[in-house]
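K.L.:
What follows is a single structure, and I will ask about it in a moment.
The values are calculated or read from the model by the stated rules, or taken from the named source; none is laboratory data. Given the structure is predicted, the values throughout are model-derived calculations rather than measurements. Note that we place each Cβ from the backbone using ideal geometry, even for glycine, and neighbour counts take in every protein chain shown. To get the accessible areas, we keep the full protein, side chains included, count just its heavy atoms, and leave off ligands, DNA and RNA. Shrake-Rupley method; radii C 1.70, N 1.55, O 1.52, S 1.80 Å.
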Amino acid sequence: MNPDFSIVENTKELKSHTTLLEAMKGSSIEDLLNNDGPFTVFAPSDLAFKKIPAEKIKSLLMSKNKKDLTSVLSYHIIAGKISASKILKAMCNGSGKATYTTIQGNKLTASMVGTDIILTDTLGNSAKITGADAEQCNGVIHVIDNVILPKRI
């Protein structure tokens, strides 16, 4: 990734995040993530999206479901630039856990399982960070292995 490019510009270059890019384009998130930020994006890979039934993904990507799609994506974004080392430090200071509020307003809690950082929402859905600290001009991307879905989706 080119650290001089925005989150959206770099996502366009990733061959493993085509569904995420399509989702960004189909929602209002693309404009947001092309702006100054900074943002922290927990970016589900294409493999993560394949864990969701294809019909559900196809439905979310329909223009009539733009609001739901935006909700799903905003569930993966935190205002501010939070590196993996900052997450680890916050967990050390927080008895093994650190809580962050997504731009959607929901909480994600980071914790350790073995050597992995795991993100868990208030509903118990979780994702593991599989790739950390991809620097962007307007934030940072951490690749995750699951799409974390809000309850209403």
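K.L.:
Could you tell me which numbered condition Asp68 fails, if it satisfies all but one of (1) closer than 22 Å to Leu108 by Cα; (2) touching a residue at least 24 places away in the same chain (Cβ under 8 Å); (3) under 14 Å from the mean Cα position of the chain (by Cα)?
P.N.:
Here Asp68 clears every test but (3).
K.L.:
What residue, among those in the stretch 39-56 that are touching a helix residue (DSSP H, G or I) at 6+ places or on another chain (Cβ under 6 Å) and part of a helix (DSSP H, G or I), is surrounded by the fewest Cβ atoms within 10 Å (Cβ to Cβ)?
P.N.:
Among them, the one singled out is Asp46.
K.L.:
Then there's this: Restricting the first residue to the stretch 86-109 and requiring it to be closer than 21 Å to Lys67 by Cα, which pairs with a second residue that is among the charged types (D, E, K, R) and open to solvent by less than 40 Å² (accessible area, probe 1.4 Å) meet a Cβ separation below 8 Å and a spacing of at least six or different chains?
P.N.:
Short answer, once both residue conditions are applied: Asn106/Asp121; Lys107/Asp121; Leu108/Asp121.
K.L.:
I'm trying to understand the selection: among the residues of the stretch 1-33, which are in contact with a Cys (Cβ under 8 Å, 6 or more places away or on another chain) and either surrounded by fewer than 16 Cβ atoms within 10 Å (Cβ to Cβ) or part of a strand (DSSP E or B) (or both)?
P.N.:
Going residue by residue through the stretch 1-33, those that are in contact with a Cys (Cβ under 8 Å, 6 or more places away or on another chain) are 3-6.
Within the stretch 1-33, Pro3, Asp4 meet the criteria.
K.L.:
Residue under question is Asp36, and the condition is that it be outside any helix (DSSP H, G or I), of a type in the set (D, E, K, R), out of contact with any Ser or Thr (no Cβ under 8 Å at 6 or more places or on another chain) and open to solvent by 30 Å² or more (accessible area, probe 1.4 Å); does it hold? Walk me through it before giving the result.
P.N.:
Working: outside any helix (DSSP H, G or I): yes; of a type in the set (D, E, K, R): yes; out of contact with any Ser or Thr (no Cβ under 8 Å at 6 or more places or on another chain): yes; open to solvent by 30 Å² or more (accessible area, probe 1.4 Å): yes.
So Asp36 fits the description; yes.
K.L.:
Just to check your reading of the model, which residue among Thr11, Thr18, Thr70, Thr40 is touching an Asp or Glu at 6+ places or on another chain (Cβ under 7 Å) and not acidic (Asp, Glu)? Let's see the steps before the verdict.
P.N.:
Numbers: Thr11 fails: touching an Asp or Glu at 6+ places or on another chain (Cβ under 7 Å); Thr70 fails: touching an Asp or Glu at 6+ places or on another chain (Cβ under 7 Å); Thr40 fails: touching an Asp or Glu at 6+ places or on another chain (Cβ under 7 Å).
Answer to the check: Thr18.
K.L.:
Tell me which residues, restricted to the stretch 112-124, are open to solvent by less than 60 Å² (accessible area, probe 1.4 Å) and part of a loop (DSSP other than H, G, I, E, B). Working first, answer last.
P.N.:
Residues of the stretch 112-124 open to solvent by less than 60 Å² (accessible area, probe 1.4 Å): 116-121, 124.
Hit for the stretch 112-124 is Gly124, nothing else.
K.L.:
Any residue in the stretch 104-114 that is touching a helix residue (DSSP H, G or I) at 6+ places or on another chain (Cβ under 6 Å) and modelled with pLDDT under 95?
P.N.:
Initially, the stretch 104-114 is screened for residues touching a helix residue (DSSP H, G or I) at 6+ places or on another chain (Cβ under 6 Å), giving 104, 110.
This time we only want the ones that are modelled with pLDDT under 95, so: 104.
The answer is yes, given that some residue of the stretch 104-114 is touching a helix residue (DSSP H, G or I) at 6+ places or on another chain (Cβ under 6 Å) and modelled with pLDDT under 95.
K.L.:
Hey, another quick one. Report, by residue number, each residue of the stretch 68-102 that is open to solvent by less than 70 Å² (accessible area, probe 1.4 Å), part of a loop (DSSP other than H, G, I, E, B) and within 21 Å of Ala134 (Cα to Cα).
P.N.:
Scanning the stretch 68-102 gives Tyr75, His76, Gly80, Ile82, Ser83.
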